[in-house]
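Okay, structure first, notes after.
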Amino acid sequence: MIFETLNQVVAFLTILEKLYSIVRIKSIASEEVLYDSENPDMHMLTEIETPVSFAGHCNAAFAVNGIDPMVITITIPMSVGEDSYRLELIHRDLRGRKNMVSTRQDDLIRHLRKLTITDELTNVYNRRYIYEQLPIDLARSFQKDEPISIIYADIDCFKDINDNYGHVTGDLVLKEIAELFRRQVQQEGGWAARYAGDEFLICLPSASHTLSVKIANRICKMVEAKEFNINANTLKITSSFGVETIYKGNGVDTVDEIVELADRKLYRAKRKGGNRVID
């Protein structure tokens, strides 16, 4: 699993420090300590400019220290650029509860998974999740002989928002619109992800074309009604949507093909002035 930014790495280590007594990153070759939760002087992550990734499976090593309760160390291979390191997660005083190792491994994997499939800015799913989950949902829908609908959306004139109000405001707009998307589609059994920039993909497994268009129009009106208070000014925005429904046997079975079809409809919506749904 690869962290795309240093902030993701630091956030992940902060979570681990709440779960484990000691969190440590050491070089496999030289035993150099890159990070040690017990020693602030060893926090060298701020010097990293290369991608950080975790690979392989968690290997749990048990150590019993005399009278003391069991000490458990979980070691995970990782890489910083081209160098190999290991992440050591040490928990003390478990009172012999070996099953805690499995639980903490599961917690670790869940946290890693969440970080790698979540968009850092908007907290909805990211592009990686689209390419992992959409093929799964597509296959399930085809297996059940049900449709699957995709809504491709973006914010109208988003560049103007950044130019006129600044990127901080632009980020605020992205966060709030993403949260609106997430809430609306979650109640319909779907999910929302940020594809790129101000573009979002909404997946509605088992949803008919009629229902998906209805959902897209509802969200479109909600975005139009939303107001952003920026420095005593009221900012209103609109958004455009392209809806594509895929059926088994129509020859469309890859993420790129689906995105291209929905994007064409989104483009038509924007060519007609935006603030509309094209199906």
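Every number in this text was worked out from the coordinates using simple rules, so none of it is lab data. Just so you know, these numbers come straight off a predicted model, no measurement behind them. Glycine also receives a Cβ, built like all others from the backbone with ideal geometry; neighbour counts cover every protein chain displayed.
Neighbouring Cβ atoms within 10 Å as the yardstick, rank V213, V277, V168 fewest first.
Fewest-to-most ranking of V213, V277, V168: V168, V213, V277.
What's the center-to-center distance, using Cα atoms, between the range 136-189 and the range 229-275 in Å?
One Cα centre to the other: 9 Å.
Which entries in K114/K272; K144/K236; K236/K265; K144/K175 show an alpha-carbon gap greater than 30 Å?
Exceeds cut-off: K114/K272; K144/K236; K144/K175.
D for the range 127-278, whole µm²/s, Stokes-Einstein with Kirkwood Rh over alpha-carbon pairs at 10 °C and 1.306 mPa s: what number?
101 µm²/s
To the nearest 20 debye, what charge dipole does the range 104-249 have about its Cα centre, counting +1 at the Cβ of each Lys and Arg and -1 at the Cβ of each Asp and Glu?
440 debye
If you take every residue apart from S27 with its C-beta less than 10 Å away from the C-beta of S27, what net charge results, scoring Lys and Arg +1 and Asp and Glu -1?
For residues surrounding S27, the net value is -1.
For I202, what is the net charge nearby, where nearby means another residue's Cβ is under 15 Å from its Cβ and Lys, Arg count +1, Asp, Glu -1? Numbers along the way, then the final one.
Values: positive: R127, R182, R183, R194, K214, R218, K265; negative: D119, D137, D154, E179, E188, D198, E199, E244, D263, D279.
Net charge in that neighbourhood comes out at -3.
Residues with beta-carbon under 12 Å from that of V252, excluding V252: net charge, scoring Lys, Arg +1 and Asp, Glu -1?
-4
Highest first, please rank the peptides 139-145, 124-130, 241-247 by the mean number of other Cβ atoms sitting within 10 Å of their residues.
Output ranking for 139-145, 124-130, 241-247: 241-247, 124-130, 139-145.
Let me check against my output: what whole-number percent is the relative contact order of the range 197-279, with C-alpha pairs under 8 Å and at least 6 apart?
31 percent
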